[in-house]
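As structure tokens, the structure follows; a few thoughts come after it.
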Amino acid sequence: MAEQDFQNDNFIIVTGMSGAGKTLVTKCLEDQGYYCVDNIPPALLLKFAQLCNSSSITKLAIAIDVRSHNFFADIDQAIEELTLAGFSPQIWFVEANPEVLVRRFAANRRQHPLASDGRVVNGIEEEQKLLTALRSRASYIIDTSKLTPHQLRGTIVEHFNQASSQNSLGQVHVLSFGFKYGVPLDADLIFDCRFLPNPYYIPELKPLTGAHPLVSEYVFSFDATQKFVDKIIEFLSFVMPLYQHEGKNHVVVGFGCTGGRHRSAAIAAESSRRLSDAGFKVSLEHRDITKDDRENDDKHA
């Protein structure tokens, strides 16, 4: 058997939920120099990969989804055959929240391929069950729920930029928030800061926020705060390479206190600075820092 050229990033299988954006992902891969084919039956995967491998094609992306209907049941066997033949494809799984998918189908006036009774939500539920095993094998999961087409394209470009940089430690989006306003749904890791002394009860600090030097100085005047941040930086330095190994290059880290104005904001800002100094690509967001807390003076900040 001839040595295969299609290994890892050079051979990508794009799959996932209908309406999640697989077509756009495939177009983005085409922009990256991939020869892209949409929706061939899984049983033809091996033969097609061998054909491309014997040609001048150096990068291949194949989109497969449930439009293949009965053919889709063969996807697991087809991937195993590829592996046994010496190919090492990455599986990119594109998904979105069911609520978002329903809105997209409604906006485009499209029928879900598995909605035999005409109800999109039933088709989505059936598709989720059908794709559970395949999703567990994915090397890269793209959630498009909150992404515009432009942002999705940027995410894919960034993925390749990071893959080509050996010194990249990954992206960390640091987010401060208030628990009373709800936990951020897209956070991968959440750290609760409510065990720390609260500047809310210091009259001169109460009207300020964690972005103010006086509040930050107070929060970090306690040994527990220093140790807390030390351990978080150590933890993230340990897990980020492991995330990247599994194809996850962007992690959202949330720091929460009750109102999101004092403790969490100060700790998020300091953590961002230290992560950046450690070599991570960092972005910082204070979700609730500007929310008016005057109506909640009986609660913690």
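The values are calculated or read from the model by the stated rules, or taken from the named source; none is laboratory data. Note that the structure is predicted; figures quoted are calculated from it, not measured. No Cβ is skipped: glycine too gets one built from the backbone with ideal geometry, and neighbour counts run over all protein chains shown. Accessible surface is based on the protein model in full, side chains and every heavy atom, while ligands, DNA and RNA are left aside. Shrake-Rupley method; radii C 1.70, N 1.55, O 1.52, S 1.80 Å.
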- Note on the structure: Checked against a 23 Å limit on the C-alpha separation, the offending pairs among K248/K281; K231/K291; K22/K281 are K231/K291; K22/K281
- Note on the structure: Comparing V282, V183, V66 in a Gaussian network model of the chain (Cα, 10 Å), the one with the largest mean-square fluctuation is V183
- Message: Quick check: the angle from helix 75-84's long axis to the longest principal axis of the chain, C-alpha only, nearest 10 degrees?
- Response: 80
- Carbon-plus-sulfur fraction of the accessible area of the chain, 1.4 Å probe, in percent? 52
- Task: Restrict the search to the stretch 36-140; then list the trypsin sites (Lys or Arg not before Pro) that DSSP places in a loop and that have at most 15 other Cβ atoms within 10 Å of their Cβ.
- Result: R109, R110, R119, R137
- Task: Using a Gaussian network model of the chain whose springs link C-alpha atoms within less than 10 Å, name the residue from D223, D188, D31 with the highest mean-square fluctuation.
- Result: D223
- Are there GluC sites (Glu not before Pro) in the stretch 195-266 that DSSP marks as loop and that have at most 14 other Cβ atoms within 10 Å, and which are they? E204, E246
- Could you state the accessible area per residue of the chain in Å², with a 1.4 Å probe and every protein chain left in place? 52
- Item | Ranked order, R194, R261 - accessible area, probe 1.4 Å, largest first | R194, R261
- Globularity index of the chain, i.e. its alpha-carbon radius of gyration over 2.2 N^0.38 Å: 1.21
- Can you give the longest stretch of the chain with no exposed loop site, where a site means chymotrypsin sites (Phe, Trp or Tyr not before Pro) in a DSSP loop (not H, G, I, E or B) with at most 15 other C-beta atoms within 10 Å? 1-194
